Every structure is written in C-alpha cells, then in structure tokens.
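Asks: Just passing along the structure, written as structure tokens.
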Amino acid sequence: MSVQAPIGAPEEAYAAGLAALPELVPAYLSRLLDIDGGGVPSEAWHRVMTGNLEPRRELSADRVETWRRAVQSQDPREHLARCRSLGLSVLVRGLPGYPARLAHDPAPPAVLFARGDLSFIDQSRPTAVLVGTRRCSGYGRQMAQVLGRHLSERGVVVVSGMAAGIDAAAQSGALGREGPVVGVAATGLDVVYPASSAKLWERLGAEGLLLSEKAPGHGALPKSFVYRNRVMAGLADVVVVVESHIQGGALVTVDEAVRRGRTVMAVPGPVTSAASAGANALIADGCPPARDALDVQVALGLVRASRRRAGELVDVAPPPPRRRQGGWPSRSRSGAGPGHPGRPGQDQRQSQGSDGGLEPTRRPPPAQGGEKDLAELSDLELALLDQVDATPTRMDVLMARTGLAPGELALGLDALDQAGLVEAGPGWWARIAG
Amino acid sequence: MLAIIHSAALDGIEGKPIRVEVHVSSGLPAFNVVGQPDAACREARDRVRAALLSSGFAWPLQRITVNLAPGSVRKVGAGFDLPIAIGLLVATGVVAADCLGDCSLIGELGLDGSLRGVPGIVSMVDRAPTRAVLVPEAAGAEAALAGRRVRTASSLRQLVAALRGEEPWPAPPPPLAEGHLPAEPDLSDVRGQLYGRWAVEVAAAGGHHLLMVGPPGAGKTMLAERLPGLLPDLSDQEAMDTTRVWSAAAMLGEQASLIRRPPLRSPHHSASVASLVGGGAYRIRPGEISLAHNGVLLLDEMAEFPRAALDGLRQPLEEGWVTVCRARWVSRFPSRFLLVGATNPCPCGYGLSPGCCRCNPASKARYAQRLSGPLLDRFDLRVAIPKTDVADLMGIGAGDSSAVVARRVAKARRMARKRGVACNARIPVGALDEVAPLSSEAALHLTRRLDAGRLNPRGLRRVRRVARTLADLGEHFGPIREADVAAALGLRPDEDVLRGAA
C-alpha cells in the first residue's frame, strides 16, 4: 500500500486532523504524537494512514482500520481551514504558541483548540479556577457570582468549566470586569453545551478565552468532563470548590490539582446543604476555606493575610436597610404561631402599632431594569427584606415570622422582587446578594 | 292471559320507566324474554322458575313470553326478576290483577325466593311510573331516599301473601334517619404548613382546583384529605344528585342515607380511563369523577397516573358533565368536582430544595411532561409545599380547626351564591368585570405581569376569580385590592418556578 501524505500542510493541520479522529482519548493522542520522543504530527498522520500503529490492548484492529480510512479520505488542510473559519486557533504541544502553563503538565493536552485572547493564560497572571456542581443552590450560585466578580475586579484570571450551575455563575459574575475570563469546554467549541449557556459562550469567545481539547463538531461523552477537569487543574494557580456534592465531579478537579501541587480551597457552606457537603468535607480534611475573594487573593500571594480584620463578614449580602423603623422582633420568636394565616397580621399590627412602621406606605413606581434602591422601599418592605434569608426561606416560615396576611406578604415580596432584592423559588424566597 | 307490571330500568345513572308484559298461552312449553335484555336479564328465566318453584308455586307448562317495553331502552341487570315473577303469577291467575294497584316492582330473586337489592334503586324508584314502589327489604332505606311511597318484602312468598291479603304488609322502612357521618379529619392536625393550609382554605372557599407540588412527606395528602371537611353541607338537590350516582354504582350499602357531606374520592394512580370517567363492559358504571360529584377528587401522585386518564379529565373539568360513549349506548354522568392534585416536583422528589435534587435534567423533563399543559392550566391554585423542618413544628401551635375555617368558607360561599354562582371558580368570564372589578392599583399590577409575559389571558381570568375569593375571605368589599391580586398571583406561580430550579 503506497499512500502519500499530502505535502505542504502545516503541522497544526495534521494535529487538528488527528484530534478529530473518532473515539480517540486524549491520552492516546499524546502517545500517538509522541512529542516528548521528538515526534511531529505529520509523522503520526502517516503512521495512522499506513495502519502502522504500535499494538496496544485497548487499540482494536477495527479502530485502527476506521482511523486509517478516515485519514486516507481526508486532507489535513481542510481540518485547519474549518478551525480557521470557526475562528479557532490550534495549539499543538511542542510547537510555538502552546501555553507555557501546560507545557510541563503531567498529562498535558496534545492539541488544544482556542478562541479568544491567548495572553489570558499567560504564566505571569494569577489564575483562579472556580469549580462546582451543576445542581447548585441559590447560595452556591450567589457565592460563585460574587467570587467571580470580586476576583475579576482585582485582576485575577477566572477559569471555569462552561457547565451550568456554579461554572456559569462564576463566569457571568466575572465577565465584564477587570480580569480576563477563561472557559474550558468539554465539547468542541462549536457545540454549545448546555444549550442554555449559548449567550455565555458567545461572550466568552468575544471578551475572554474559550479552550477545548475536543475538535470542532465533537459532543460531550461522559468521560469528557473528567479530561476537561485535568486541563482546568493544569491552568490553575488556585482551585476553589464553590459548592460540590459529596461525590461531585468538582472533586475530580481537586484530585488533579493536588496531583499537580496546586492550592485547593473550598467555600464553606451550610452544613445542612447537600450541595455543600463536598466542599465542607474538603475543609474538614484541612483544605483552606475560601470565604471571599480576599482569601483567594491571599492564597495567590497577592495580598498579605493580615489585611483581614477580625470578625469581618463576607461582603455578599446587600447592605443592611438604613431606614428601618418598627419591623418585627427577632426571629427567635417562637410558640406564638399565628392562629389563622389569613388574619394574624391584624393582631400583630395591634401589638406593634405604636411603631407606626408596619402600615404599608406607598412606594413610587418600581425602578425599571431591576436596579435596587433601598430608599424607594417602604418601611414594611425593608422590614420584610430583613426576614428573608440568603438561603431559601419557605413561604410558611415568612408567614410565621412576619405574621402578615398572605396578601400583604405577596405584595411586599413582589415589590422586593421588582427591586431585584429577592428571588422566588417553588414555595420559597431567597435574598439576592448585592 | 296477559299481565302488565310496572318497573324501572337503570340507564347510566338515570331511571327509565319500564312495562313488563307477561303473556302466557297454550303451545309448546317455552320461556322467552324479549326487548333488549342483557345477559343477566335473560338469566331471569332460570332464577324466576327456581324462585317460583321453591316458594311453592306451580310452573305453568305453557308458552311464556316476557316483553320489556319500551324496546328502545337497554335493560341491564337482574332487577326485572320480581316483576316477571309477579307477572307470571298474575297471568296464571294465582294473584288477582287488581291487588297490585298503583305499584311498581323492582328486585332480584334468589333461587330460594328471597328478594335482593339491585344497583341504582334511588334513580329507578325516582322514575317509576307509579305512586308506590315495592322493593326488596334490603333496599328499603335506599328506595325511601327518592321520596316515594315504598313497600318492602323480603321474599316472594311473603309478598304474594300480602298481595292476596292473607298476611299484613311488612312494616315499611323506618323514616329516614339522619345518616351517621364518619368523622372527617381535622385541619388542626396539620402542624406548620401555614401556606398550604391557607391554600386549602382558598380552594374550599372558591371551589378552585388545587395542585400541590412537594417532596414526599411534606403533608400534601394530609392537607388534601382535610379539604372536604371545610366544604359546606350539600344542598338538597346536590345531595340527591350525588346519592343517585352512588346508588347507581351500588356503593350506598344497606344503611343508605342521603349523602349530605361532600364525598372524597382518591383513586390509586393505577386507575384506568374507564374507572376514572365511567364506562364498563356490561353495566356502564359511573367513574370516580362522578362519585366525587359535588365533592373532592384527590389525585395523589398525580404524575404517576396514565396520561390518557388525566387528559380524560379535561372535558369534565370544564363542563361538569362527562358523556361516555360506547358503540351501543351513550351515558351522561354529572361530574362537578373540586380537583386536588398532589405530585412530586421530579422523580427523586426533592426538586424544590436547591441542591438536593438527584435527577438528571432529561428525566426531570420527562417527568414534567406527564402533566400536560392544558391540564396544569386548569388549576387555579398551584402551590409548592416544601417539607417543614421538625424544628419549626416544635414552636408552632395548632392552627384553626376545620370548624373555624369551615365557617369562613361557608361565608365566602354564601357571598358567591349572592352573585348567582355556586362558587367563585365558576364565575363566567363575561361577569368578571361586574362581580370582581379591579382597583386601579390591582389593574396596574396585573398589566405589569401581562407585559412581562408572565401571565396569559386565561391565567388572568383564573387569577381574578381567585382574587375575588381572597377578597371574600378577607371580607373586603368594593373593587379588588392590589394585595388580593398579588396573593392570587403568588398562588399561581409560573410553571418553571413550580418545577424548581436545580
């Protein structure tokens, strides 16, 4: 069999073509290219074309044959042209342009596809990787967003995994701030997954940097996320687990980061929350907690730990209402459950009536665009806001705490919702961090 | 010789007057029943013969023809045994034709000559073409509900003796005792769940269909079972309608009394379409939705019901009637019920609490599809019932008892009746502006929701009806206040909010 490899194609083209082979795992691609042994992609291409592959247990004859056919029928320059038309650059290990951060990685990706500004993963930039569960709670989403935003404002590169939940929250928080934002996808960069993140992909490609090991057109396989996690760990200076279930995929990133000697931090969560169980377990194992961006900055060596004032609380909650008069007594009020949910507002009002703070005062029409302005809220609404926790607060708990009639309660919550201060869930409300 | 006996047949839940004509003539001995009898009806031949013989009467060795007229009505069941037997005795001269007087006969015969009740006695007695009706003793109480003069007998021999004047008539059934009402569970048993309790109260006050979404163990079923106890007693007409359905389904039992309390039916989720809406192979039987007529139909684990069965509820929900059609007959059953659905938010059940759901998005989406949009749309109230913390339960005292809530409900219902509807959920669209005018703030609030695309016109009408109920409960007269509209909107959250994020 005498098949000539096309002549004149750049090495990137061969690499892109090989990366697009079906059922090729990253580890085998690395072995195939044999960069450390001085191999170049065009040679590997030729080996595949002639079926002259080192026999391995996991490499069936069928697969060798499939690859051989694929390579024979294809021109590597077409692969490169396709990437170019999608706005992707092809980074090949051993060739110029390959990110230095990954060059000495224990399991470096042999080929990377990128869209956006590659200087964002420069070795000189402090880089934090935020990871977490897709099934996050309101608290996790809030923390991811706030961490992403604050880190980005302080010039830290925020890397995350393009998944729904924590990843998306961290990236949307970080976008549009000082620092660059990097997304590492588990699918080809033209395959948006999950579909709900389409807008985020677009923004990241335009304002940040999107990376993927997968060739264009390739979807996600179950293992893809695990491979993707090792790339994220490789890019990290610090890995922050925002929220993770006890066996969550984010912990894979943690293992990879530990293997690479990177710092791992975890955001402490409510001990009652299943979504925080993994992160809390990390802290219990001795991992430093990431209470806010300052903690992460300290871990990055950007600021000195002494800057934290004792007793300082995480600055994620909206500023406390300033004009609060009246309002309800502390939450520890127990026992006195309102007799009838439709009416207890009245007796409550009688006992508190002297404050004069509980009668709803009309507010001006709500600000458009969800801009919060506490000054425009009535006293009743401010006092109500105080009763809504940052974690989901059930409707019946709110009824018991405030003693308001359901109508007044609904009206007040609606006003807070309009002001963008609270969010509704099924049967609960939660305060949105400012 | 010809004898004509009056009786009645059951068609669906309606009684139909029937003439049983018995003709005995010379010829080869034969016994034929004509006039659209079903299998059980044709078997009357064997039962009647055995019953007559064992009661000590002779069997005429002649040609016997029994016609059940009119021939256009399908006759089902064994209720014609008694009129056929008496007709034979009249035709053969054992009993004089005139001693029956103005009396219809309904009943099944045992082979020993004993008389047995049949389903649908109430409707049949109601429609019997005579002043008095004679029924088996066991069905006496049920027959008396129809308000006719009722005579009873326990056996053929006893009946014939009474007809001949040899023995006195057996004592008529005792006057209708007020039925012994089983205790309904009380709302004060539900600790916590203030919002759920309130939603149940609103549902009862306005007759609004209620969907409860929540994790297992949150108390959905407990709340739902307490809803009928909040409803007022049925009116005479309602009680009679519901009793007729139960009679036709043979569910009244021997100690029959008028159904005065709204019934609660909670079929298991393995229910078939026919068992829910009515149907059946031999006897067309009212379904669960008709048994719940003027009461509450609770569909627990609603998403587990077959989709076809659930979608079969859509028409009855709109019209208050269900028309069951089969190749050979059509029946119409009343089905005006308050629908209470209880379901989990997702397969694992914990989708309401963020971070607790163990479902993957695909299985969650499949689960969501089990309840069709049109069905979900028919719920005025869609309430998430999250699980209560045990810690919360400790501090909270028992809320209002069912009796207290029922008084408020009755008051709201009285106000609805003044508007000419049984409850606010049935306010016609055209009358909304008249009976539930909006204050300008309330109108603005709704406009904002509509503009934001979070409310459609159909939802708007439902929200306005619920707001009317809330105003009634709060005794706010005049235009609907913004607070009531806001609360009504809160009781009907967007579908995606209900399904739970993450």
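Each value in this text was obtained by applying a stated rule to the coordinates, not by laboratory testing. Bear in mind that the values here come from a model prediction, so they are computed numbers and not experimental data. Because the Cβ atoms are built from the backbone with ideal geometry, glycine has one as well, and the counts that use them run over all protein chains shown.
Asks: If r is the Cβ-Cβ distance from B:Ser154 to B:Arg366 and R0 is 60 Å, what FRET efficiency results, to the nearest 0.05?
Replies: FRET efficiency, B:Ser154 to B:Arg366: 0.55.
Asks: Roughly how many debye, to the nearest 20, is the charge dipole of the protein assembly as shown about its Cα centre, given +1 on each Lys and Arg Cβ, -1 on each Asp and Glu Cβ, and no other charges?
Replies: The calculation lands at about 860 debye.
Asks: Report, in degrees rounded to the nearest 10, the 0 to 90 angle that the Cα long axis of helix B:402-418 makes with the longest principal axis of chain B.
Replies: The answer is roughly 80 degrees.
Asks: How large is the helix-only mean residue ellipticity at 222 nm for the protein assembly as shown, computed as the sum of -39500 (n - 2.57) over DSSP H runs with n ≥ 4, divided by its residue count, in deg cm²/dmol to the nearest 500?
Replies: Dividing the helical sum by the residues of the protein assembly as shown leaves -10500 deg cm²/dmol.
Asks: Amide H neighbours of B:Arg149 under 5 Å, counting only residues 5+ apart in sequence or on other chains, H built in-plane at 1.01 Å?
Replies: B:Val133
Asks: Treating only the Cβ atoms of Lys and Arg (+1) and Asp and Glu (-1) as charged, compute the dipole magnitude of chain B about its Cα centre; round to the nearest 20 debye.
Replies: Computed about the Cα centre, the dipole is about 1000 debye.
Asks: Which three numbers, in whole Å and largest first, are the semi-axes of the equivalent ellipsoid of the protein assembly as shown derived from its Cα gyration tensor as √(5λ)?
Replies: With the √(5λ) rule applied to the protein assembly as shown, the semi-axes are 73, 40, 20 Å.
Asks: Which FRET efficiency value, to the nearest 0.05, do you get for B:Leu444 and B:Phe477 by plugging their Cβ-Cβ distance into 1/(1 + (r/R0)^6) with R0 = 25 Å?
Replies: Here the calculated transfer efficiency is 0.75.
Asks: Quick check: pseudo-label points 7 Å beyond the Cα along Cα→Cβ at B:Glu304 and B:Ser26, how many nm apart are they?
Replies: Distance between label points: 7.1 nm.
Asks: Sticking with this one: If you wrap a convex hull around the C-alpha atoms of the stretch A:159-292 and split its volume per residue, what is the figure in Å³?
Replies: On the way: hull volume 14.2 nm³, N = 134.
About 106 Å³ per residue, rounded to a whole number.
Asks: List the residues of the stretch A:148-182 whose backbone N lies under 18 Å from a point placed 7 Å from the Cα of A:Arg307 along the Cα-to-Cβ direction.
Replies: Only A:148-158, A:178-180 fall inside the zone, counting backbone N under 18 Å.
Asks: Moving on to the next point. Could you tell me the center-to-center distance, by alpha carbons, between the stretch B:58-112 and the stretch B:193-267 in angstrom?
Replies: 41
Asks: Is the C-alpha gyration tensor of chain B telling us rounded, prolate or oblate? Criteria: a/c under 1.5 is rounded; beyond that, a/b larger than b/c is prolate, otherwise oblate.
Replies: prolate
Asks: Which one of A:Phe225, A:Ser244, A:Val264 is farthest out on the positive end of the charge dipole of the stretch A:191-282, using unit charges on Cβ (Lys, Arg +1; Asp, Glu -1) and the Cα centre as origin?
Replies: Result: A:Phe225, furthest along the dipole toward the positive end.
Asks: Expressed as an acute angle from 0 to 90° and rounded to the nearest 10, what is the orientation of the C-alpha long axis of helix B:236-248 relative to the principal long axis of chain B?
Replies: 60
Asks: Normalised by the number of residues in chain B, what is the relative contact order in percent for Cα pairs under 8 Å and 6+ residues apart?
Replies: On the way: 1058 pairs, mean separation 68.0, N = 502.
After rounding, I find 14 percent.
Asks: Still on this model: Any idea which of B:Val213, B:Ala153, B:Thr65 is furthest toward the positive side of the dipole for chain B, if Lys and Arg beta-carbons carry +1 and Asp and Glu beta-carbons -1?
Replies: B:Val213
Asks: Suppose R0 equals 60 Å. What FRET efficiency, 1/(1 + (r/R0)^6) with r the Cβ-Cβ distance, do B:Trp59 and B:His269 give to the nearest 0.05?
Replies: That pair, B:Trp59 with B:His269, gives E of 0.70.
Asks: What value in Å³ per residue do you get for the convex hull of the alpha-carbon atoms in the stretch A:79-235?
Replies: Hull volume over Cα atoms, normalised by residue count, gives 100 Å³.
Asks: For the stretch B:188-423, with only Lys/Arg (+1) and Asp/Glu (-1) charged at the beta-carbon, what is the dipole magnitude about the Cα centre, in debye rounded to 20?
Replies: Values: 31 positive and 20 negative charges, 93 e Å.
Result for the stretch B:188-423 is approximately 440 debye, rounded to the nearest 20.
Asks: Another question about this same structure. Choose one of B:Ser270, B:Ala403, B:Val485: the residue whose Cα lies farthest towards the positive end of the charge dipole of the protein assembly as shown (beta-carbon charges +1 Lys, Arg; -1 Asp, Glu; about the Cα centre).
Replies: Checked the options; the winner is B:Ser270.
Asks: Hey, another quick one. Where in the stretch B:221-245 does the label zone of B:Val330 land, with the point 7 angstrom along Cα→C-beta and an amide N cut-off under 16 Å?
Replies: No residue qualifies, since no backbone N sits under 16 Å from the label point.
Asks: Shifting gears a bit: In whole Å, what is the distance between the alpha-carbon centres of the stretch A:86-110 and the stretch A:151-224?
Replies: For the stretch A:86-110 versus the stretch A:151-224, the Cα centre distance is 18 Å.
Asks: As I understand it, the value is the acute angle between the Cα axis of helix B:44-54 and the longest principal axis of the Cα atoms of chain B; what does it come to in degrees, rounded to 10?
Replies: Tilt of helix B:44-54: around 50 degrees.
Asks: At B:Asp311 and B:Ala50, where each label point lies 7 Å from the Cα along Cα→Cβ, what is the point-to-point distance in nanometres?
Replies: 4.7
Asks: Then there's this: From the square roots a ≥ b ≥ c of the eigenvalues of the alpha-carbon gyration tensor of the stretch B:188-423, which class results: rounded (a/c under 1.5), prolate (a/b over b/c), or oblate?
Replies: It comes out oblate by the Cα gyration axes.
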